[in-house]
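Structure record follows, encoded as structure tokens.
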Amino acid sequence: MQNYTKTNIGNEGRAELHEKLALTGAEISVNQLPAGASVPFVHSHKNNEEIYGILAGNGRAIIDAEEVKLTAGDWLRIAPAAKRRFFAAEDSGITYVCIQVKENSLGVFTADDAVMY
């Protein structure tokens, strides 16, 4: 029995890894926007926070009417209720990963709880 799943997303504009890897606890996508493009909708969530990692390029996000500049290497956590939309810079595309998980789903552990391998 194989205890892992592997995929290759190549150069897709948007790849939904939760589908390709049959994920059961998170939604993950890798997204590419060409220069001047944007996500065509504003959205928020009921229970899920999103974590964005900027892999290449630069752009901006509008979060609850506040502009946040984004560049390669930035990581951003957005609360579920925040309204968000993403834009590539006019002169540069942007590639980012989005990880969506249930807010407050991680427990607090101490060193005594750790299992040593």
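Only the coordinates and a few stated rules stand behind these numbers; no lab work does. This structure is a prediction, so every number in the text was calculated from the model and none was measured. All Cβ positions, even for glycine, are placed from backbone atoms using ideal geometry, and neighbour counts span all protein chains on display.
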- Task: Largest first and in whole Å, give the semi-axes of region 1-46's equivalent ellipsoid, each being the square root of 5 times a Cα gyration tensor eigenvalue.
- Result: 26, 16, 5
- Amide H contacts under 5 Å for E50, placed H, 5+ residues apart: I78
- Given backbone amide H placed at 1.01 Å from N, residues whose amide H is under 5 Å from that of A82, ignoring those fewer than 5 places away on the same chain, are H45
- Item | Backbone HN-Hα couplings from phi across region 93-100 [Karplus 6.51/-1.76/1.60, Hz, Gly and Pro as x] | x, 9, 10, 9, 9, 10, 10, 10
- Query: How large is ³J(HN,Hα), in whole Hz, for each residue of region 56-69 in order, when computed from phi with the Karplus curve 6.51 cos²θ - 1.76 cosθ + 1.60 and θ = phi - 60°, using x for Gly and Pro?
  - Reply: 7, x, 7, x, 7, 10, 9, 10, 6, 6, 9, 7, 10, 6
- Residue (of T24, P34, Y52) at the positive-pole extreme of region 21-67, dipole from beta-carbon charges: P34
- Query: Any idea how far the Cα center of region 1-55 sits from the one of region 65-89, in Å?
  - Reply: 15 Å
- Item | Cβ charges +1 (Lys, Arg) and -1 (Asp, Glu), total dipole of the chain, debye | 220 debye
